[in-house]
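The values are calculated or read from the model by the stated rules, or taken from the named source; none is laboratory data. Only a predicted model underlies this, so the values are computations on that prediction, with no experimental measurement involved. For neighbour counting, all protein chains shown are included, and Cβ atoms are generated from backbone atoms with ideal geometry for every residue, glycine included.
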Amino acid sequence: MERRQRVRRDAIGFHHGRLRLFALSIAVLVCLFSTWLAAGEIPLAERRSGYEFMSRETRAMQDDEATGPALFSLLDGEALWNRKEGPAGASCASCHGGGMKGVAARYPKVKSGRLLNLEQQINVCRTERQMAAPWAYESRELLALAAFVGRQSRGMPIDIQSDAATAPFLAAGRASFNRRQGQLNLSCAQCHDDNWGKRLAGSVIPQAHPTGYPIYRLEWEGAGSLSRRLRNCLTGIRAESPAYGAPELVELELFLMWRANGMRLETPAVRP
Amino acid sequence: MARVVVNAPARAKRGEVIEIRTLAGHAMETGFRRTQTGELIPRDIITQLVCTYNGVEVFRAELHPAMAANPLLSFTTVATESGTLEFKWSGDNGYAATQSASITVV
């Protein structure tokens, strides 16, 4: 170590100070440039739904409205929508007779200072309007109703407002997206911003646009929410997953939906 | 609760090859999985689908534990005459489901 330092000093000679400054500024520039390259967000024109990374067969499953695997969720959801629940004796349809077109494209949403995803909003309606017990996260009923509501916004562009009330949640979500975590010390961005389209084992890394939740995932052999998918990813990088409904999870959902603003909703999508 | 869906064309030309798609809601538990405490989860799958066209069997499938949940089976037959397509699923633990679709052949 001592030797190497002396050699370098000798080589630099009397220009030592100026050269070091020059080298330092070059290094800073290189660092800035490489972080800009590496942590670049996906340009709008290059955004792709997970659908486009799927095999022809899996796409066919999603496109098949009559016998697609998410059909049972939709049928269950429709029945639940019209079923009177709780002492209030009200069904979803009693209040929301006009349907829920476009609603799912605007969630997660800030309501009186609290950030709610669609599943949480359904449970708020259940407890505050129908006076019924909330459904458990990932329960068949909650997923079915979320899929039924989401289906009505199919084909509509995702529309997350970044107003003053939403901004702090959005900033927190962006921070989680870019934060390295877990034993593998990876951030979401390192895979889904920087390396999308490449392969992680046998699977293509998608861009992480939540365009079709709740999805029917072939790996799960069933329906699941965005929270479940995110918890899956977090387990994959060996990080600790926040509980269902935890603010940090919903903030990340908000950021991802905002990041997919303008993309068409595909709910209920099929994913591999 | 047995839930099944059939998608078959309501009208077809005589001699036309028609595609029929069927979807059955079923967990298709393989019998190879264990619970967290190590007990084997017993097998519970659909084992058979039979389709008859005006009483004549036109398609039969035998299903095994490697089938995914909610099996989608698609097959073709030739539209010969107007009538009814009958579908019958059967499986473990007395699972049974039936569905029918009528077809008009012109």
* Asked: Does region A:188-245 hold any residues that are without any contact (Cβ under 8 Å) to a residue 24 or more places away in the chain, within 14 Å of chain B (Cβ to nearest Cβ) and buried (at least 17 other Cβ atoms within 10 Å of the Cβ), and which are they?
  -> A:G222
* To do: Could you tell me whether any residue of region A:43-51 is touching a Phe, Trp or Tyr at 6+ places or on another chain (Cβ under 9 Å) and crowded, with 20+ Cβ neighbours inside 10 Å?
  => no
* Asked: Going through region A:113-123 one residue at a time, which ones are free of Cβ contacts under 8 Å to residues at least 40 places away in the same chain and not in a helix (DSSP H, G or I)?
  -> A:R114
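Go through region A:75-89 and give me each residue that's within 14 Å of chain B (Cβ to nearest Cβ) and touching an Asp or Glu at 6+ places or on another chain (Cβ under 9 Å).
A:D76, A:G77 - these are the residues of region A:75-89 that are within 14 Å of chain B (Cβ to nearest Cβ) and touching an Asp or Glu at 6+ places or on another chain (Cβ under 9 Å).
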* Structure fact -> Filtering region B:17-44 down to residues that are within 20 Å of A:P69 (Cβ to Cβ), touching a helix residue (DSSP H, G or I) at 6+ places or on another chain (Cβ under 7 Å) and among the charged types (D, E, K, R) yields B:D44
* Structure fact -> How many residues of region B:51-92 are surrounded by fewer than 16 Cβ atoms within 10 Å (Cβ to Cβ), closer than 23 Å to B:M28 by Cβ and free of Cβ contacts under 8 Å to residues at least 40 places away in the same chain? The answer is 5
* To do: Take the residues in region B:1-10 that are outside any loop (DSSP other than H, G, I, E, B) and not aliphatic (A, V, I, L, M), then tell me which one is nearest to the other protein chains (Cβ to nearest Cβ).
  => B:N7
* To do: Answer yes or no as to whether A:S227 is within 18 Å of A:G50 (Cα to Cα), in a helix (DSSP H, G or I) and modelled with pLDDT of 95 or more.
  => yes
* Looking at (1) more than 11 Å from chain A (Cβ to nearest Cβ); (2) of a type outside the set (D, E); (3) in contact with a helix residue (DSSP H, G or I) (Cβ under 8 Å, 6 or more places away or on another chain); (4) surrounded by 17 or more Cβ atoms within 10 Å (Cβ to Cβ), can you tell me which one B:T47 breaks? -> (4)
* Is it the case that some residue within region A:109-121 is surrounded by fewer than 16 Cβ atoms within 10 Å (Cβ to Cβ), touching a helix residue (DSSP H, G or I) at 6+ places or on another chain (Cβ under 9 Å) and not assigned by TED's automatic domain parsing to the domain that holds A:P206? -> yes
* Would you check if there is a residue in region A:136-150 being among the basic types (K, R), surrounded by 14 or more Cβ atoms within 10 Å (Cβ to Cβ), more than 30 Å from A:N195 (Cα to Cα) and touching a residue at least 12 places away in the same chain (Cβ under 8 Å)? => yes
* **Selection within region A:158-197 - assigned to a helix (DSSP H, G or I) and polar (S, T, N, Q)** => A:S176, A:N178, A:Q190
* **Options B:F87, B:F59: the member that is within 14 Å of chain A (Cβ to nearest Cβ) and at pLDDT 95 or above** => B:F87
* Structure fact -> Here the residues within region B:11-39 that are within 12 Å of chain A (Cβ to nearest Cβ) and either hydrophobic (A, V, I, L, M, F, W, C) or in a loop (DSSP other than H, G, I, E, B) (or both) are B:I20, B:L23, B:A24, B:H26, B:A27, B:M28, B:T30, B:R33
